[in-house]
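Student: Supplied in structure tokens, the structure appears directly below.
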Amino acid sequence: MSEEHRGDPATLSNPNELPLLRLFRDRLYRNIKKRFLLRGFRPYRAVNGGYDRAAIDAVCAQVSESLSGLGLNNPFSLYQQVVDFFAHRNRYIVRPLRDLKEPLPPHYASVCFRHDLDGDIVTGIRAACYLARQGVPGSFYVLHTSGYYGYLDNGTFVRNVAMESYIADLVATGCEIGLHTDPLYLFCKHDINGCSAVKEEIAWLRSLDANVCGSVAHNSAHLFGAENFEIFRGRSWGGRHGFECDGKRVPLQIIDEKSLGLRYEGNYPIQSDDFDTEVAAEFLSFLPDDGIRSPAWQKNYFMENPMFRRGYDMDIWLLGTDAWMVADYRTGKMMWPVTTETMLGYLDEEEPGYRAVISIHPEYVSK
Amino acid sequence: MKKAFGRFFGKIRHSNRPYFVIGCHRSGTTSIARIFDEAENGVCYVEPVPNLNCEARERMDGQLGEATGIVQAAIEPRISACDTTVYGEKNAPLGMFTKELLQLCDCRFIFVVRDGRDVVRSLINWHEGLFGSIYRECKETSNLTEQAKAAVANLPVELDYSDYFRPRPLPGEPLFEQWENLSRMEMCAFFWSRYNDYVLDALSGLPDECYRIVDYSIPSPVEIMEAARFVGLEGVEATKVRSMLDKKINSLKDRTGFIGGYPHWHDWDDEQMGKFMTIAGSTMKRLGYV
């Protein structure tokens, strides 16, 4: 094990030490460590400005069109069909992702609708409205590095003015709003302190009445070498405190979720304590051409992930035209591609008592 | 005091025949309930729980079958706990269960109706001034007060039973596909129309002596006192009724001090009135408002 993967010295405490002294020493250590690890990165500065709603609506329409051009888009009615299937049925209890771990009533399965708003917040709002119409909860994670949210201008992040009204629309529907975290993009590609970005954007969303109590990591570790949730204390692979990306040392375990008012990370990751350099290299370098639609990559990422496993029973992702991936962690069964009918039939046939997360990127239902 | 004294000694004459005040939201049901609650020999609770919001929506949607057991489990304990007075409550969702309630307790109904245009205006002012959660899926931007903003931000959709209760068009209905693009005014018009049609249809199947319709468009103290007598209440005095009507109980001004900004229907343009009448016109005719 290399230096960087050793345990936090702050935890190697003397049992006879006074608790107050230990607390003081731990804080001091963490502050020094943070400053040391974050040296060399530019501070995150954000201002409001940028594009209005009409301009961003047009950008989202382009995202939808390009997905249609790739033959991956679906009509919105597919989303409605899935929501209607679960709404107000005795067998299912639909919950926001923040309540995933709540106890299940007997003979029920729980389903969470997770919406990663990667590129199309307009269809995201349409989905939130549909859920409100049906009285069904859903969780929506806004991506702070997405084009609809803002852009970098000479190292300063400009939040689009449109965002305020988009967030107001989401708040009005009563859905859960969280942050789709992407700090590693800012660290790795722009030498900007991505941890500050996460903190600042959560504070900004809260200033707009969004009750943010959770986050969901954007992308996968294959892109930069770490999962975005590894910036949270206690959530890194093998307890590592950083990793190398494009010749830079990127810090991990910087943010304390509790002190930021965050109750959960939406992958409910259960980290592996073992970090092996060779295993990591092999896992992270596996990037087939068809990416997330490659069965081999899906197996690698969902079923045989050496970094973390998920704290629920099933992942269901919409990844193409009437094409879903189902990963059942209880049985090790993976299905891809399966139609909506097959996916829903599978859930209906399984014994209740499971917790499933249905992940939808709204641009996939924007036709 | 008089009521408490009478209850204590069990001397108040009562009919033991409960009553229910029903009516679309913002029709004046809370106002009449507060007036009825002033009676010497009776009570009128405002929206006691459980109030069957979800079941009422399912009933309106045609998805709830036999409901006697549900109604009995929810309502009977409340009536039993109040055995020395005339029991009354106001609860809009109970308008969907008139048949079951009649079977359960041989009750009477006061069905409060109000001009749909006034109701729609009041609903939108209520939305903007107080709760911000009337038809949460509506795309229309609302000019919410700080109070309404805070209220809507702190009420997750899965706990918003009031908004869930409000009906939406079903697949196959003309408005189903258009719904997501309708204005809040049109959605509220749909609510008013659907609710009143449902209750009018249901009451038409009950004996006339079971219900009384009270028009609250321009509330009349005489009509209210007659309704009170109809349900067996005593001591509802004209001066008190007038004074309570003057206070405009449960109006936005009464609750918040604000006067809502949505225009009176006299000031609606032709397009706005046309949209309202397209959705609610037949119910307006049925109730004699046009």
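Student: What lysines sit close enough to A:K367 to cross-link, taking a C-alpha to C-alpha distance under 18 Å and skipping anything fewer than 8 places away on the same chain?
Tutor: none
Student: To the nearest 500 deg cm²/dmol, what mean residue ellipticity at 222 nm is calculated for chain B from DSSP H runs of n ≥ 4 alone, each contributing -39,500 (n - 2.57), summed and divided by the residues?
Tutor: -13500 deg cm²/dmol
Student: Could I ask something else about it? What does the C-alpha gyration tensor say about the overall shape of region B:169-290? Classify as rounded when a/c is under 1.5, otherwise prolate if a/b is larger than b/c, or oblate.
Tutor: Because a/c hits 1.5 or more and a/b fails to exceed b/c, region B:169-290 counts as oblate.
Student: What is the Cα centroid distance between region A:288-367 and region B:204-263, reported in whole angstrom?
Tutor: Using only Cα atoms, the two centres lie 57 Å from each other.
Student: I've got another one for you. Lysine pairs in chain B with alpha-carbon atoms under 19 Å apart, 8 or more places apart or on different chains: how many are there?
Tutor: 11
Student: Once every Cα of the protein assembly as shown carries one equal point scatterer and solvent is ignored, give the base-10 log of I(q)/I(0) from the Debye formula at q = 0.07, 0.10 Å⁻¹, two decimals.
Tutor: -0.57, -0.98
Student: Also, quick follow-up: Could you tell me the center-to-center distance, by alpha carbons, between region A:93-134 and region A:204-255 in angstrom?
Tutor: Cα centroid of region A:93-134 versus Cα centroid of region A:204-255: 23 Å apart.
Student: Here is a further query. If each Cα of region A:75-226 is one equal point scatterer, what is log10 of I(q)/I(0) from the Debye formula at q = 0.10 Å⁻¹?
Tutor: -0.39
Student: Set the Förster distance to 60 Å, then compute FRET efficiency between B:L175 and A:L21 from the Cβ-Cβ distance, nearest 0.05.
Tutor: My answer for the efficiency is 0.30.
Student: Cut-off 10 angstrom, C-alpha nodes, Gaussian network model of chain B. Which of B:A227, B:A238, B:A148 fluctuates the most?
Tutor: Evaluated over chain B, the most mobile residue of the options is B:A238.
Student: Using a Gaussian network model of chain A whose springs link C-alpha atoms within less than 10 Å, name the residue from A:Y108, A:Y346, A:Y166 with the highest mean-square fluctuation.
Tutor: A:Y346
Student: Pop the C-beta distance of A:R45 and A:L70 into the FRET formula with R0 = 45 Å and round what comes out to the nearest 0.05.
Tutor: Once rounded, the FRET efficiency stands at 0.80.
Student: Taking a virtual spin label 7 Å from the Cα of B:T68 along the C-beta vector, which residues in region B:88-114 bring their backbone nitrogen under 14 Å of it?
Tutor: B:99-106, by backbone N distance to the label point.
Student: Taking chain A as the reference, fit the longest principal axis to its C-alpha atoms, fit the long axis of helix A:76-86 to the helix C-alpha atoms, and give the angle between the two in degrees, 0 to 90, nearest 10.
Tutor: That helix lies at roughly 80 degrees to the long axis.
Student: What are the radius of gyration and Dmax of chain B, computed over its Cα atoms and given in Å?
Tutor: Calculated on Cα positions, Rg and Dmax stand at 19.0, 61 Å.
Student: Also, I was wondering about something else. State which helices in chain B qualify, where a helix is a whole DSSP H run, it must extend 18 Å or more along its own axis by its Cα atoms, and its mean Kyte-Doolittle hydropathy must be at least -1.0.
Tutor: Sorted by number, the helices that extend far enough and score high enough are B:184-204, B:270-286.
Student: Over every pair of different alpha-carbon atoms in region B:95-250, take the mean of 1/r and invert it; report that Kirkwood radius in Å.
Tutor: Every distinct Cα pair counted, the radius reaches 17.9 Å.
Student: Rounded, prolate or oblate for region A:144-214? Axes are the square roots of the Cα gyration tensor eigenvalues, ordered a ≥ b ≥ c, and the cut-off for rounded is a/c under 1.5.
Tutor: prolate
Student: Give me the percent relative contact order of chain A, please, defined on Cα pairs under 8 angstrom at least 6 residues apart.
Tutor: Rounded, it is 21 percent for chain A.
Student: Moving to a separate point now. Rounded to the nearest 0.05, what FRET efficiency do A:A281 and A:D52 have when you use their Cβ-Cβ distance and R0 = 56 Å?
Tutor: So the FRET efficiency works out to roughly 0.75.
Student: On to the next question. Across bins of 10 angstrom width beginning at 0, how are the C-alpha pair distances of chain A distributed, in whole percent?
Tutor: Using 10 Å bins, I get a P(r) of 5, 23, 33, 26, 11, 2, 0 for chain A.
Student: Give me the mean projected area, in nm² to one decimal, of the convex hull enclosing the Cα positions of region B:24-160.
Tutor: One quarter of the hull surface, i.e. the mean projection, equals 9.8 nm².
Student: Where Lys and Arg each count +1 and Asp and Glu each count -1, what net charge lies around A:E102 among other residues with Cβ under 11 Å from its Cβ?
Tutor: Charge balance in the 11 Å sphere: +3.
Student: Between B:L52, B:L123, B:L170, find the one with the highest GNM mean-square fluctuation for chain B; connect C-alpha pairs within less than 10 Å.
Tutor: Of B:L52, B:L123, B:L170, the Gaussian network model singles out B:L170 as fluctuating most.
Student: To the nearest whole number, what is the average tally of beta carbon atoms from other chains within 10 Å of the beta carbons of peptide A:125-133?
Tutor: Partner-chain Cβ atoms within 10 Å, mean over residues of A:125-133: 5.
The numbers here are math on the coordinates, done by the rules we state, and not lab data. Please read all numbers here as calculations on a predicted model, not as lab measurements. Glycine also receives a Cβ, built like all others from the backbone with ideal geometry; neighbour counts cover every protein chain displayed.
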